[in-house]
Amino acid sequence: MSRGFIDHLREVVDTSSVLTSADIDARYYHDLAGKAVAKPRAVVRPRTTEQVSAVLRLCHQEKVPLTTQGGMTGLVRGALPNENEIALSMERLNAIEEVDTSAGVVIAQAGVPLQSIQERVEQEGYLFPLDLGARGSCTIGGNISTNAGGNRVIRYGMTRELILGLEAVIADGTVLHGLRRHLKNNTGIDLKQLFIGSEGILGVITRAALRIFPAPTEQQVALCALHSFAQVSSLLHMARRHLNGELTAFEVMWNEYYRLTVERVKGVVGPLTTDHPFYVLLEASGNNADRIHADLEGLLEAALGENLILEATLSNSKASASAIWRIRDSSLELGRTFPYASRIGFDVSLHSDCMDQYAKAIDACIKTIDARAFAMVFGHVGDGNLHLDLHHEDTPAKREEFESLVYQTTSEFGGSISAEHGIGVLKRPYLKMGRTQEEIETMRTLKRALDPNNILNPGRIFTM
């Protein structure tokens, strides 16, 4: 980095858009848990794609590494700056430029919070279906760069399925103007796919064309208690048959997660008792309120008749539906009630038939390291995604042993070590458990081609 580099940054953006030293707020180098890293050399906050291009061109010429930041809600430390990096914050690229209901598309800049997009299209009677607990602070650029999943994947798919086009800037400052709105577009290699899920190592997403759908006029939520995971699986099959396209979400919580959330998270009320082995949150949505209610009631009656569920409650208002969802959405708040140094979060993909056996295997394995260790298990079982929050308060120094054991067990069960959170820095040592060496080398080939000086989020996913 040349002596005048920071001054050059101010020239290509403006003085107020570059922060250094004491002007750098803690949010640029802290993660969700509040754990800090070294301050970045500078924080740059561009307002336009052209400014992003100018910043990247300068960093490319000077070989200065930078990390792109959105809402800082990631869980694998991928957006935290490494030492001597520049932080490229997208917080000022925060405009929703257009909502086109006739084409079913919204054009948004990368720094727009997910919830802002949801609320804006809702005003037009439309739905942007991507949804997750961090909706109020995560940004659409971050969602795209990690191919976020969330609560409605069972019906609408991952973020990848919701992207029509992207505008992105590669390392040398070249702008790829791919903001197309076509659902069908077979004009050569689909370049947008390079940037979806690649965690910012190939380019910086600046704008996106997103698919939106007519909003269902009715959404109803049920919470059920079950005795075994076999009954959970049977209920899922029954729900698919009874609700068909109306099934929006199928979330499962093991006892420890439900019970501790109700006991420890302020403001959460459990409508069912806390002594059942499993809990399922079902959501159905559509445009016929009577039919949705009847279908969901019919499902619960059939499940009770076949002894699949022990007890259940059905929402009768938006407030009661939100209260049920609050239980499932409180995982981060629950995690903060335990010491940071002794908790580890995992998100894995598995075939649903082996989830119960996997959870039991994890419980047995972690107790070989710490007899008092335990894991709270929950997740999007309808699309094969489990989350595990592992707690080991008596052995905080054994984090790496626990990580290695959990990822090895996941690999033995044929699962993926990252369902929706990405690899970042934390999971990098375990990437080889989920990808072959040939695949990783092909990723490196792409990285070398688009970022020959390795300035974009270096060290994330893999090292060069």
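The values are calculated or read from the model by the stated rules, or taken from the named source; none is laboratory data. Quick caveat: nothing in here was measured; it's all calculated off a predicted structure. Please note: Cβ atoms are built from the backbone with ideal geometry, for glycine as well, and neighbour counts cover all protein chains shown.
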(message) Taking the conditions exactly as written (in a loop (DSSP other than H, G, I, E, B), over 24 Å from the mean Cα position of the chain (by Cα), at negative phi and buried (at least 17 other Cβ atoms within 10 Å of the Cβ)), does His276 satisfy them or not?
(response) yes
(request) Give me the pairs, please: first residue somewhere in segment 349-374 and basic (Lys, Arg), second residue anywhere and crowded, with 17+ Cβ neighbours inside 10 Å, beta-carbon distance under 7 Å, and either six or more positions apart or on two chains. (result) Lys367/Ala373
(request) Name the residue, out of Ala95, Ala22, Ala79, that is of a type in the set (Gly, Ala, Ser), over 23 Å from Ile117 (Cα atoms) and either outside the structural domain of Ile205 (by TED's automatic domain parsing) or more than 19 Å from the chain's Cα centre (by Cα) (or both). (result) Ala22
(request) Taking the options Leu308, Leu334, name whichever one is crowded, with 19+ Cβ neighbours inside 10 Å, touching a strand residue (DSSP E or B) at 6+ places or on another chain (Cβ under 8 Å) and not in a helix (DSSP H, G or I). (result) Leu308
(message) Being in contact (Cβ under 8 Å) with a residue 24 or more places away in the chain and more than 16 Å from Val44 (Cβ to Cβ) is the filter here; which residues of segment 83-106 pass it?
(response) Glu83, Ile96, Glu97, Val99, Asp100, Thr101, Ala103, Gly104, Val105, Val106
(request) Report yes if some residue within segment 243-259 is assigned to a strand (DSSP E or B) and touching a Ser or Thr at 6+ places or on another chain (Cβ under 7 Å); otherwise report no. (result) yes
(request) Would you mind stating whether Asp31 is within 28 Å of Arg336 (Cα to Cα) and among the charged types (D, E, K, R)? (result) yes
(request) Exactly one condition in (1) assigned to a helix (DSSP H, G or I); (2) farther than 16 Å from Ser89 by Cα; (3) among the small types (Gly, Ala, Ser); (4) touching a residue at least 12 places away in the same chain (Cβ under 8 Å) is not met by Ser2; state its number. (result) (1)
(request) Among what's in segment 5-43 and is in a helix (DSSP H, G or I) and of a type in the set (Val, Ile, Thr), pick the residue that is modelled with the lowest pLDDT. (result) Thr15
(request) Please enumerate the residues belonging to segment 63-84 that are at pLDDT 95 or above and either in contact with a Lys or Arg (Cβ under 6 Å, 6 or more places away or on another chain) or among the charged types (D, E, K, R) (or both). (result) Lys63
(message) So, in segment 362-395, how many residues would count as being charged (D, E, K, R), part of a helix (DSSP H, G or I) and at pLDDT 95 or above?
(response) 1
(message) Within segment 62-77, does at least one residue satisfy the condition of being over 22 Å from Leu456 (Cβ atoms) and either part of a loop (DSSP other than H, G, I, E, B) or touching a residue at least 12 places away in the same chain (Cβ under 8 Å) (or both)?
(response) no
(message) Can you find a residue that is surrounded by fewer than 24 Cβ atoms within 10 Å (Cβ to Cβ), more than 27 Å from Ser322 (Cβ to Cβ) and among the hydroxyl-bearing types (Ser, Thr, Tyr) anywhere in segment 40-52?
(response) yes
(message) Yes or no: segment 212-221 includes at least one residue that is closer than 30 Å to Leu93 by Cα and assigned to a strand (DSSP E or B).
(response) yes
(request) Restrict the check to segment 71-84 and report whether at least one residue is in contact with a Ser or Thr (Cβ under 9 Å, 6 or more places away or on another chain) and surrounded by fewer than 22 Cβ atoms within 10 Å (Cβ to Cβ). (result) yes
(request) Tally the residues that are over 19 Å from Asn454 (Cα atoms) and surrounded by 15 or more Cβ atoms within 10 Å (Cβ to Cβ), restricting the search to segment 192-205. (result) 1
